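Working notes, beginning with the structure itself.
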Amino acid sequence: MKIRLDALEIQGIEQKTEDPNLELKQFLEKLAKNEVKEKEVTTSQEPQKEIEKPVSTPKIPSIEHTNPTNYVLHLITNKSMTSRDIQITLKKSREHTSRLMKKLFEEGLVQRNTETKPYTYSITEKGMAKVEEVETSPTVA
């Protein structure tokens, strides 16, 4: 070991006696004394965008959804609809919607177009009379 130290001294290389973490210790001391200013981290908030969801159900303000028969008659007043469209709007099962449409067809309130698959339903004169009757007579709850 002695020989090695002598060789290092001859070459001009000095052995470091300093602590390798000296810089870190000095920085922490300054930080403790509040001499070093911390870098401010700025966070920018982007305005949140509200995504409007497309609504597939038609707006019918004058009718309550308590009676599905009246509601369906209002739905098909402006345009004919398939049973699937009516099912989605009513949020009922396929079976429930099919039974309801069959009942309305047998009562003569709707007309079934059997030329296209799936069948489309449109309102008849009898159905229009029922819609007008429901709109004019207020329901008492």
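Taken together, the values in this text are just the output of simple stated rules run on the coordinates, not laboratory data. The structure presented is a predicted model; accordingly, all values stated were derived computationally and were not measured. Here the Cβ positions follow ideal geometry from the backbone for every residue, glycine too, while neighbour counts run over all protein chains shown.
Quick notes
- Built amide H within the under 5 Å cut-off of Val110, gap 5+: Phe105, Thr124
- Modelled spin labels at Asn113 and Lys79, positioned 7 Å past Cα toward Cβ, are 1.1 nm from each other.
- FRET efficiency for the pair Glu135 and His96, taken as 1/(1 + (r/R0)^6) with r the Cβ-Cβ distance and R0 = 30 Å, rounds to 0.75.
- Residues with amide H under 5 Å from that of Thr120, placed H, sequence gap 5 or more: Asn113
- Nearest-20 debye value, segment 68-135 charge dipole, Cβ charges on Lys, Arg, Asp, Glu: 420
- Couplings for segment 79-86, taken from phi via the Karplus curve 6.51 cos²θ - 1.76 cosθ + 1.60 with θ = phi - 60°, read 8, 6, 9, 7, 5, 5, 4, 5 Hz in order; Gly and Pro are left as x.
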